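Notes follow the structure.
The values are calculated or read from the model by the stated rules, or taken from the named source; none is laboratory data. Worth saying up front: this structure is predicted, and the values here are computed from it rather than measured. When we count neighbours, we look across all protein chains shown, and the Cβ atoms used for this are built from the backbone with ideal geometry, even at glycine. Calculation scope for accessible area: heavy atoms of the full protein, side chains included, ligands and nucleic acids excluded. Shrake-Rupley method; radii C 1.70, N 1.55, O 1.52, S 1.80 Å.
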Amino acid sequence: MKSIQSNIKKAKKFLDKNHCIGVPTETVYGLAGNAYSDTSVKKIFKLKRRPTNNPLIVHYYSINKLKEDCYININLTKLYNKFSPGPITFILKLKKKSKISKLVTNNKNSLAVRFPKHKLFRKLLKNINYPLAAPSANIFTRLSSVQASHVFEEFGSKIKYVLNGGRCKIGIESTIVNLLKKPAIVRLGGIDVSKIEKILKKTVPIKINSKDKISPGQFPLHYSPGIPLRMNVKRPNREEAFLLIRKRKNNYKNYYYLCKKNDLRQAAKNLYSLLRQIKKDGYKMIAVEKIKNIGIGKTINDRLKRASKF
Ligand code: TXA
Ligand code: MG
């Protein structure tokens, strides 16, 4: 308990000085900085090597704090009451008087906001008086980090501190819902679209590859382990690592299992770590077995498809 307090204190100290730090969330680790500070936000873009026209998600403790920066609408209230804190991000209209750094949104008048569930991150947010801009803690186009050591693998000594919150429970990024107009999904993620539709009592279209230049679908290559990957493979080549959904009777050295049984949630949790592991083990190519396109399997397939553009 004492170490938790002192780690939060340490994290706050770095953030107050406008440094970026790694933070744990239930989805993936974030690279966090004060969303009100140009200096902090500049550092995030630089460290991540992210194009400055790709806006950042801002993390809040609660809707009360959000009201200072964004307009609240009925769809937000419904989804917030059901899913927040949790793996869902909302795109909202930014208030003119908001203190959010213009660099976060690339001068646009919309903001992506999320209320993360991880206990440590919530404690940190409660202890500071500014929201945290935090994209996933990985170099642009690469795999997200799902444990503290991955953040150091990505940024080395360039990162001042990582608040260690263990392994991420969900292991795959949040679902993003655009609430500026009629609700639409702009990124598949930890919460199934069907659950969102149930709460809003209407169909919510998936608009991932829209022409909108700020939409997350604009970069075809993403979530890449840095080596070629192919999907829906029945038989791998000898030199390929083979990623399978569950354990097989015949075990080979190049076989990697996403879960013991056929549990897609478990598979999502293990996906990024296994892809990292395969690369570390020296493989130059990855073959992935067909993964059922249901529930979070849709999100897994979305990530694999982008990774396969390498
Ligand atoms: O689970 C998550 O969402 C993680 C954790 C750390 O919270 N964060 C995350 O952030 O995945 P990032 O930056 O890797 O992905 C955010 C996506 C980007 O593709 C960005 O283009 C999109 O959100 N985005 C941010 N602001 C937006 C906006 N105003 N309109 C449309 N898309 C936006
Ligand atoms: Mg990312």
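Solvent-accessible area assigned to carbon and sulfur over the stretch 1-131 amounts to 52 percent, based on a 1.4 Å probe. The trypsin sites (Lys or Arg not before Pro) found in the stretch 108-168 include none that occupy coil by DSSP while having at most 11 further C-beta atoms within 10 Å. Its Cα centre serving as origin, the stretch 1-129 has a Cβ charge dipole (Lys and Arg +1, Asp and Glu -1) of approximately 220 debye.
Return the loop-located GluC sites (Glu not before Pro) in the stretch 171-271 (DSSP other than H, G, I, E, B) with at most 15 other Cβ atoms within 10 Å of their own Cβ; answer none if there are none. Please list the in-between numbers first.
Values: sites: Glu173, Glu197, Glu239, Glu240; in loops: Glu173, Glu239, Glu240.
Here the sparse-neighbourhood loop sites are Glu239.
Cα centroid separation, the stretch 266-310 to the stretch 13-64: 26 Å. Could you work out how far helix 264-280 tilts from the main Cα principal axis of the chain, as a 0 to 90 degree angle to the nearest 10? Helix 264-280 and the main axis of the chain meet at about 70 degrees. Summarising the strand pairing of the stretch 65-196, around 70 percent of its internal DSSP beta bridges are antiparallel. Of interest is the spacing of the C-alpha centroids, which for the stretch 184-204 and the stretch 71-127 amounts to 17 Å.
How much accessible area per residue does the stretch 70-147 have, counting only protein heavy atoms and a probe of 1.4 Å, in square angstrom? Intermediate results must be reported in sequence, preceding the final value.
Numbers: 3360 Å² over 78 residues.
The answer is 43 Å² per residue.
Putting +1 on Lys and Arg Cβ atoms and -1 on Asp and Glu Cβ atoms, find which of Ile245, Ala134, Thr203 reaches farthest to the positive end of the dipole of the chain. Positive-end residue among those listed: Thr203. Summarising the strand pairing of the chain, around 45 percent of its internal DSSP beta bridges are antiparallel. Diffusion coefficient (Stokes-Einstein, Kirkwood radius over C-alpha pairs, 20 °C, 1.002 mPa s) for the chain: 108 µm²/s, rounded to a whole number.
What's the local net charge at Lys95, with K and R +1, D and E -1, over the other residues with C-beta under 12 Å away? So the environment of Lys95 carries a net charge of +3.
At 222 nm, what helix-only mean residue ellipticity would the chain give, in deg cm²/dmol to the nearest 500, using -39500 (n - 2.57) for each DSSP H run of four or more? If you can, show how the numbers build up before the last one.
On the way: 10 runs with 97 residues, N = 310.
Taken over the chain, the calculation gives -9000 deg cm²/dmol.
Give me the net charge for the shell around Gly295: Cβ to Cβ below 9 angstrom, other residues only, Lys and Arg +1, Asp and Glu -1. The answer is +2. Axis angle, to the nearest 10 degrees, between helix 2-16 and the longest C-alpha principal axis of the chain: 70 degrees.
With the Cα gyration tensor of the stretch 166-310 in hand, give its eigenvalues times 5 under a square root as the equivalent ellipsoid semi-axes, listed largest first in whole angstrom.
Details: eigenvalues 175, 59, 30 Å².
Ellipsoid semi-axes (Å, largest first): 30, 17, 12.
Give me the angle, in degrees from 0 to 90, between the Cα long axis of helix 74-83 and the longest principal axis of the Cα atoms of the chain, rounded to the nearest 10. So the inclination is approximately 50 degrees. Placing +1 on the Cβ of every Lys and Arg and -1 on the Cβ of every Asp and Glu, with no other charges, gives the stretch 171-310 a dipole of roughly 320 debye about its Cα centre. Given the options Asn34, Ser3, Asn73, identify the residue whose Cα lies farthest towards the positive end of the charge dipole of the chain (+1 on Cβ of Lys, Arg; -1 on Cβ of Asp, Glu). Of the candidates, Asn73 comes out farthest on the positive side.
Would you mind working out the magnitude of the charge dipole of the stretch 229-268 relative to its Cα centre, with +1 at each Lys and Arg C-beta and -1 at each Asp and Glu C-beta, to the nearest 20 Debye?
Values: 12 positive and 3 negative charges, 49 e Å.
In total the dipole reaches around 240 debye.
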